[in-house]
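Participant: Here it is: the structure, laid out below.
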Amino acid sequence: MKDQIIYNHKDHKVYQYASYGFIYVWDFSSDIPHVDKHLPAVSFISGREIGDKNKCYRISHQMVMSLSGEVVVVKIMHYYDLSRWRFRIFELNPLTQRWVKVDSLGDAAIILDMGITVVAKDIPGIKKNSIYFSGLNHPLTDPECRFVYDLTTGTMEPLPQCVLSSMLFSDSRWFLPGFTS
């Protein structure tokens with residue numbers, strides 16, 4: 001995965017996903033920004049946990065800010081037949097300092113392209129316990145490449161028309177009426 005940066009407005013820190021799966025936490029509260037700490041590498045999260053071991057797929061990771069202000073890591077498994085995607089979510093256990101699998105988002109949904117989590121019931125058309133994403137590395141003007149992955153059922157479906165914009169984007173961007181961070 002390429003470097004990724006997200007900002008946590010609750011602790012005023014910047015989280016950087018860097019090479020080899022390390023997450024650096026930058027503190028900007030003083031005149032000189034510095035690395036406050038780093039979280040354990042997420043690269044150990046294996047790809048052998050699901051699916052047919054004879055199928056090839058690409059694995060990547062993306063950081064997402066949870067509703068509580070914690071960083072979670074989404075493991076993205078894209079099967080090369082282009083018809084299947086799988087996702088796993090991991091959060092850091094503060095006691096063991098190990099990444100543990102999260103089975104449910106509850107009433108929340110992840111907007112993966114933005115690296116945020118939202119309360120689904122607060123946004124019309126957004127389904128709880130789901131991940132919204134733009135099909136990563138597919139033709140960006142194709143509305144057929146924007147999906148909803150349901151964590152409860154493990155199924156994927158095209159983004160419903162009520163959520164899908166008719167505009168062509170250079171990258172998917174999500175507009176969430178009434179969303180405040």
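Participant: Anything in the stretch 65-115 that is in contact with a helix residue (DSSP H, G or I) (Cβ under 7 Å, 6 or more places away or on another chain) and either β-branched (Val, Ile, Thr) or buried (at least 17 other Cβ atoms within 10 Å of the Cβ) (or both)? List them, or say none. Working first, answer last.
Facilitator: Filtering the stretch 65-115 down to residues in contact with a helix residue (DSSP H, G or I) (Cβ under 7 Å, 6 or more places away or on another chain) leaves 74, 107-109.
Result: VAL74, ALA108, ALA109.
Participant: Quick check on this structure: which one of GLY69, GLY51, GLY115, GLY135 is closer than 22 Å to ILE5 by Cα, modelled with pLDDT under 80 and not assigned by TED's automatic domain parsing to the domain that holds ASP27? Let's see the steps before the verdict.
Facilitator: Numbers: GLY69 fails: modelled with pLDDT under 80; GLY51 fails: closer than 22 Å to ILE5 by Cα; GLY115 fails: modelled with pLDDT under 80.
Every option except GLY135 fails the conditions.
Participant: Can you pull out the residues in the stretch 72-92 that are more than 18 Å from the chain's Cα centre (by Cα) and either modelled with pLDDT of 85 or more or not hydroxyl-bearing (Ser, Thr, Tyr) (or both)? If you could, list the steps in order and put the result at the bottom.
Facilitator: Within the stretch 72-92, the subset more than 18 Å from the chain's Cα centre (by Cα) is 80-83.
Answer for the stretch 72-92, where residues must be more than 18 Å from the chain's Cα centre (by Cα) and either modelled with pLDDT of 85 or more or not hydroxyl-bearing (Ser, Thr, Tyr) (or both): ASP81, LEU82.
Participant: If I go through the stretch 13-23 residue by residue, how many of them are modelled with pLDDT of 80 or more and either over 17 Å from the mean Cα position of the chain (by Cα) or surrounded by fewer than 14 Cβ atoms within 10 Å (Cβ to Cβ) (or both)?
Facilitator: Residues in the stretch 13-23 being modelled with pLDDT of 80 or more and either over 17 Å from the mean Cα position of the chain (by Cα) or surrounded by fewer than 14 Cβ atoms within 10 Å (Cβ to Cβ) (or both): 1 in total.
The values are calculated or read from the model by the stated rules, or taken from the named source; none is laboratory data. Note that the structure is predicted; figures quoted are calculated from it, not measured. So basically every Cβ, Gly included, is an ideal-geometry build from the backbone, and we count neighbours across all protein chains shown.
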